[in-house]
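Comments concern the structure below.
Just so it is clear, none of the values below were taken in a lab; they were calculated from the coordinates. None of the values given here were measured: they were computed from a predicted structure. So basically every Cβ, Gly included, is an ideal-geometry build from the backbone, and we count neighbours across all protein chains shown.
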Amino acid sequence: MMPPEDDIDRIMAVMQAAFDPAYGEAWTRRQVEDALLVGRSHYRIAEVLGEPAGFTLSRHGFEEEELLLIAVSPDFRRRRIGEQLLQDCKADARLRGAKQLLLEMRSDNPAVHLYRRNGFVQIGTRKNYYRAPSGDRLDAITFACPL
Ligand SMILES: CC(C)(COP(=O)(O)OP(=O)(O)OC[C@H]1O[C@@H](n2cnc3c(N)ncnc32)[C@H](O)[C@@H]1OP(=O)(O)O)[C@@H](O)C(=O)NCCC(=O)NCCS
């Protein structure tokens, strides 16, 4: 079932503020709606004083959940909102029966520090998977966190 339009609006407000356009990693509204139409996709929104500050979007599979996106608006960063969202996503995934949470990120993304300090370990690399603004290719790193 599609979530309320309001929630999509709040996700998109964070999406547009949080992702560096140079990498083209932000999803379109259509992509978010399509993901959420699939019953296995889940989201959480963090708010500060009624304003959307961050969100996660994940997809449940058999005994695994994939964190598709995590984002916090620049105005609200380094206040542990991302960490709280990650912990909530882990708890939700565990309740849905997942044994591990997986994610993939561009190798130069500083989000790596957040993941490492929250129990994620590197389990794979996809060589030259992303393109940097300079045109160079960057690896994708796959992380897993046991739940
Ligand atoms: C990654 C992101 C979600 C982190 O959100 P956040 O709310 O700022 O993170 P937190 O405040 O919870 O960080 C907790 C800890 O993780 C580490 N950390 C988080 N962001 C960091 C950064 N940019 N550089 C270094 N360490 C970082 C720090 O140890 C931090 O604790 P500290 O502030 O006490 O040092 C946010 O920077 C973001 O939205 N980035 C753009 C979108 C993105 O690339 N998402 C990930 C790929 S889908």
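Computed quantities for the displayed model
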quantity	calculated
20 °C / 1.002 mPa s Stokes-Einstein diffusion coefficient of region 61-114, Kirkwood radius on C-alpha pairs, µm²/s	176
Estimated FRET transfer efficiency when R0 is 30 angstrom, pair E64-S134 (beta carbons, to 0.05)	0.35
D (Stokes-Einstein, µm²/s), Kirkwood Cα radius, region 1-89, 0.890 mPa s at 25 °C	185
Region 64-93: trypsin sites (Lys or Arg not before Pro) in DSSP coil with no more than 11 other Cβ atoms inside 10 Å	R78
Calculated FRET value between D9 and T142, using beta carbons and R₀ = 35 Å, to 0.05	0.65
Length released on extending from S107 to A17, taking residue separation times 0.36 nm less the Cα-Cα span	30.3 nm
Per DSSP, loop chymotrypsin sites (Phe, Trp or Tyr not before Pro) in region 1-85 with at most 14 further Cβ within 10 Å	F62
Unit charges on C-beta of K, R, D, E only; dipole of the chain, Debye	540
Candidates L49, L36, L95: whichever shows maximal mean-square fluctuation once the chain is modelled as a Gaussian network with Cα springs under 10 Å	L49
Lys/Arg +1, Asp/Glu -1 at C-beta; the chain dipole; positive extreme among A98, M15, I123	I123
Unit Cα scatterers, Debye sum, region 5-146: log10 I(q)/I(0) for q = 0.10 Å⁻¹	-0.32
Dipole of the chain, positive end: most advanced residue of Q31, H60, G50 [Cβ charges, Cα centre]	H60
